[in-house]
Amino acid sequence: MCEAKAYIVKNDHEQLVMQDVTLVQPEGETCLLVNLLGEQKLVQGQIVRIDLLHHTIHLSQADIIS
């Protein structure tokens, strides 16, 4: 399976935001995350790194909007 885990990176610390992410849609200063079950989170921040080998998405210092 190709799902990923999304993390917020703040001061060299990673906080898990969502598991089983299947869609990341950048929208200006925010990113919409959608998981395998269709749950959605809108996160303020930008993509820092996507690691396909380890199935991780790292977002800049961000806040969860919804």
Given the conditions (1) part of a strand (DSSP E or B); (2) at pLDDT below 95, report the number of the one that LEU33 does not fulfil. (2)
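For the stretch 36-61, how many residues are part of a loop (DSSP other than H, G, I, E, B) and over 10 Å from the mean Cα position of the chain (by Cα)? Walk me through it before giving the result.
Going residue by residue through the stretch 36-61, those that are part of a loop (DSSP other than H, G, I, E, B) are 36-39, 45-46, 52-55, 60-61.
Restricting the remaining residues to those that are over 10 Å from the mean Cα position of the chain (by Cα) gives 36-39, 52-55, 61.
Going through the stretch 36-61 one residue at a time, the tally reaches 9.
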Got a number for residues in the stretch 1-49 being β-branched (Val, Ile, Thr), crowded, with 16+ Cβ neighbours inside 10 Å and closer than 14 Å to ASP63 by Cα? 5
Subset tally (residues that are in contact (Cβ under 8 Å) with a residue 12 or more places away in the chain and part of a loop (DSSP other than H, G, I, E, B)) for the stretch 12-30: 1
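The values are calculated or read from the model by the stated rules, or taken from the named source; none is laboratory data. Not measured: the values here are computed from a predicted model. In this analysis, Cβ positions are derived from the backbone assuming ideal geometry, glycine residues included, and neighbour counts consider all displayed protein chains.
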